[in-house]
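Derivation of every value follows stated rules applied to the coordinates shown; laboratory data play no part. Just so you know, these numbers come straight off a predicted model, no measurement behind them. Every residue, glycine among them, receives a Cβ derived from its backbone with ideal geometry; neighbour counts consider all protein chains shown.
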Amino acid sequence: IVEVIGYDLDATSVNAGDKIDLTLYWRALQKTGDDYTVFTQLLSEKQSLYGQHDSQPVGAYYPTHLWDIGEVIADKHVILVRADAPPGRYSLVTGMYSLVKNIRLTLLDQNGQNYISIPDIIVNAPK
């Protein structure tokens, strides 16, 4: 239904308590009657959640049922890093899910995965 064709990330090293600005670039591969929600998660090496942002695309102003085939959508997210995040290497992942059907969308470019990994983020102690 969709694919991630790129992203812009403002930093790959942050302090606990900071924010991460992420812009995802989605391309519609087919029309859908469903509206999907985008998730972004900052996960520790033990897969504990230390930051998250979920919303419909473009701040809920451009739901997926309106997307045309081939259209590219710039979708901004701000992930707040928890103040208690211990220093270390974290994974940043993103994908889409249906609130109505309670399932994640399988993303075509990830060999059946239901998320995309973005380069790791280094979290430092708060200043």
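What the table shows:
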quantity	calculated
The stretch 1-102: chymotrypsin sites (Phe, Trp or Tyr not before Pro) falling in loop per DSSP and having at most 12 other Cβ within 10 Å	Y61
The chain: C-alpha gyration tensor shape, a/c 1.5 cut-off, then a/b vs b/c	prolate
Of the trypsin sites (Lys or Arg not before Pro) in the stretch 1-60, those whose Cβ has at most 15 other Cβ within 10 Å and which sit in DSSP loop	K31, K46
Under 5 Å, built H, 5+ apart or other chain: amide partners of G17	V81, R82, A83, A85
Dipole-positive endmost among P57, L92, W67 within the chain (Cβ charges, Cα centre)	L92
Whole-Å semi-axes of the ellipsoid equivalent to the stretch 27-91 (Cα gyration tensor, √5λ, descending)	30, 11, 9
Phi-based couplings in Hz for the stretch 27-42 (Karplus 6.51, -1.76, 1.60; Gly and Pro marked x)	10, 6, 9, 7, 6, 9, x, 9, 9, 9, 9, 8, 10, 10, 9, 9
Dipole magnitude (debye, nearest 20) for the chain, charges at Cβ of Lys, Arg, Asp, Glu	300 debye
Fluctuation leader among G33, G95, G17 - the chain, Gaussian network, Cα springs under 10 angstrom	G33
